[in-house]
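See structure below.
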Amino acid sequence: MYVSTRGAAEKLTAAQAIARGIAPDGGLFVPEAIPSVDGEFLTRLTPLTYQVRAEAILRLFLPDYTAAELTDCVAGAYSSEKFSNTDVAPVIKITDGTFALELWHGPTSAFKDMALQLLPRLLSCALKKIGEQAEIVILVATSGDTGKAALEGFKDVEQTRVMVFYPEDGVSQIQRLQMITQEGNNLRVMAVKGNFDDAQTGVKHIFSDSAYNASLAEHGYKLSSANSINWGRLVPQIVYYFSAYADLVRDKHITQGTLVNFVVPTGNFGNILAGYYAKLMGLPVNKLICASNSNNVLTDFLTTGVYSRNRQFHKTYSPSMDILISSNLERLLYHIAGGNSAAVSEWMAELNSTGQYRVSDELLATIQKAFPAGWVGDEETAATIGQVYKEHGYALDPHTAVAWKVAEKYRRQSGDVTPAIIVSTASPFKFNETVLTALAGSDSLAGKSEFAVLNDLAKIINRPVPPALAELEHKLVRHPRVCEKQDMPSVVKIELDI
Ligand SMILES: *Cc1c(COP(=O)(O)O)cnc(C)c1O
């Protein structure tokens, strides 16, 4: 069963928790007990495909789904039609002891696909199980990657509608094109005049407006979320930690039982938290290294025990990590504090009213044992892309480059030589301008279209442009509209025809 981190909501089944998204007391749903696995389980995973590994892990967290339902959900999510690499999430050896776990072979070229291909299927199934009659309206505010991945994941999924809001000038050209050309009958995309915070605040207001929600309900609609606050988005991410480990054993890079480190480029703390669940379950993980860009709120928290969002927001080369409130930290605190929901509620109330909270030294020490942390700025990020390409012939996107550099610094400072898996969250093509500049200098962009930049990058790194990105050049624009931020509630109603 699933409970709220804030302790004031009833226990729910997995299907109910996934359909709800966020707990009614404002908390996040977490599993009441974390399943554990043994060496034998890991041995059994080793020869299996990603899909079968996924079923084995998901079954442990979603006991109310039948085996047939899970097989069906997984087969749809990770089919060869959706993922260009037959391994789905391949592990690439870069040096002795350093590996890249590539999570970007899905339809939108970023790691959000790993979860957002599965979540809509788990949700659809959940709606049938709990007998929900309402149509679910997924509202998304996006700084780029989540919006497109949600659109692709929910495209033509029965009983769901998706409305994506993105900041008019706050996403890359590729990200904008990916969204405004989206096909599918249940989807709408709208630019908002403002920045990402304006779009996110607008969505939050809609969620918390009870009169508004009641009027939607009268017309048979219920709002829900595709952000990583939804358990259905977190649980698919646990799988690839196990899968990466199984690959290393299968390919004889390690023997089973050997500890490994994962280095994770972090924003909302969803990805790295999934790694922590894997560790708690018994996967031989030594450290989960938390890598940030200059929005280094997590580095500061993991160093001092004070979480403070009272700081300047920086726009960086790794925009998907430009975040000051890492929502999933709430789940970590709940588990580390031994399920103390009163303490969690207090910290979150403080964060809400003063913008910060502090955890005890004892708690901090426990967190630090599992999560070393570090951050790098844009200049070092670009230099890392250049250096890694020169030394190893491997092109990193800016988010993954942050992780690479933090891993390097961590190794130097700690002397820890545990094999490290760098979690690679985006294709270098998705951030083509930053990557091309890092590899070929700033003149390399002069006067070039988005697509010329993609082609130049393909020539330099000798890899094909992902077809879904190349095709954007000739796609019809279906969602050209822009709205004022205060009009977001009425835009949703108009789109729903009410
Ligand atoms: C979303 C995203 C991240 C951050 O992941 P979190 O789960 O929010 O910590 C990192 N890199 C890329 C490319 C992303 O899209």
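Numbers for the structure displayed
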read-out	value
Conditions (1) out of contact with any Asp or Glu (no Cβ under 6 Å at 6 or more places or on another chain); (2) open to solvent by 30 Å² or more (accessible area, probe 1.4 Å); (3) in contact (Cβ under 8 Å) with a residue 24 or more places away in the chain: number failed by ALA446	(3)
Candidates ALA211, ALA217, filtered to the one that is free of Cβ contacts under 8 Å to residues at least 24 places away in the same chain, away from the ligand (no atom under 12 Å from the Cβ) and open to solvent by 30 Å² or more (accessible area, probe 1.4 Å)	ALA211
Of residues in region 396-434 being in a loop (DSSP other than H, G, I, E, B) and away from the ligand (no atom under 14 Å from the Cβ), the one farthest from VAL260 (Cα to Cα)	GLY415
Members of region 111-128 found to be open to solvent by 10 Å² or more (accessible area, probe 1.4 Å), within 14 Å of the ligand (Cβ to nearest atom) and among the charged types (D, E, K, R), listed by number	LYS112
Any hit, region 171-180, residues being in a loop (DSSP other than H, G, I, E, B) and modelled with pLDDT of 95 or more	no
Filtered residues of region 383-394 (kept if surrounded by fewer than 23 Cβ atoms within 10 Å (Cβ to Cβ) and within 16 Å of the ligand (Cβ to nearest atom))	THR384
Qualifying positions in region 171-185 - of a type outside the set (D, E, K, R), in contact (Cβ under 8 Å) with a residue 40 or more places away in the chain and open to solvent by 30 Å² or more (accessible area, probe 1.4 Å)	SER172, GLN173
Output for region 234-255, where each listed residue is of a type in the set (D, E, K, R), open to solvent by 10 Å² or more (accessible area, probe 1.4 Å) and assigned to a helix (DSSP H, G or I)	ARG250
Some residue of region 86-95 being under 24 Å from ASP251 (Cβ atoms), within 14 Å of the ligand (Cβ to nearest atom) and in a strand (DSSP E or B)	no
Near pairs, Cβ below 9 angstrom, 6+ apart or cross-chain, from region 72-90 (of a type in the set (Asp, Glu)) to any residue that is assigned to a loop (DSSP other than H, G, I, E, B) and open to solvent by 50 Å² or more (accessible area, probe 1.4 Å)	ASP87/THR49
Looking only at region 32-55, and only at residues there that are touching a Phe, Trp or Tyr at 6+ places or on another chain (Cβ under 8 Å) and touching a residue at least 40 places away in the same chain (Cβ under 8 Å), the one that is most open to solvent (accessible area, probe 1.4 Å)	ILE34
Selected residue (only one of PRO464, PRO480 is free of Cβ contacts under 8 Å to residues at least 12 places away in the same chain, outside any helix (DSSP H, G or I) and out of contact with any strand residue (DSSP E or B) (no Cβ under 6 Å at 6 or more places or on another chain))	PRO464
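Rundown of residues vs (1) more than 16 Å from the ligand (Cβ to nearest atom); (2) not in a helix (DSSP H, G or I), yes/no style:
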| site | (1), (2) |
| --- | --- |
| THR258 | yes, yes |
| ASN268 | no, yes |
| TYR334 | yes, no |
| GLY339 | yes, yes |
| MET348 | yes, no |
| LEU351 | yes, no |
| GLU362 | yes, no |
| ALA365 | yes, no |
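The values are calculated or read from the model by the stated rules, or taken from the named source; none is laboratory data. As the structure is a computational prediction, the values presented were derived from the model and not from experiment. Note that each Cβ is placed from the backbone with ideal geometry, even for glycine, and that neighbours are counted across all protein chains shown. Ligands, DNA and RNA are excluded from the accessible area calculation, which covers all protein heavy atoms including side chains. Shrake-Rupley method; radii C 1.70, N 1.55, O 1.52, S 1.80 Å.
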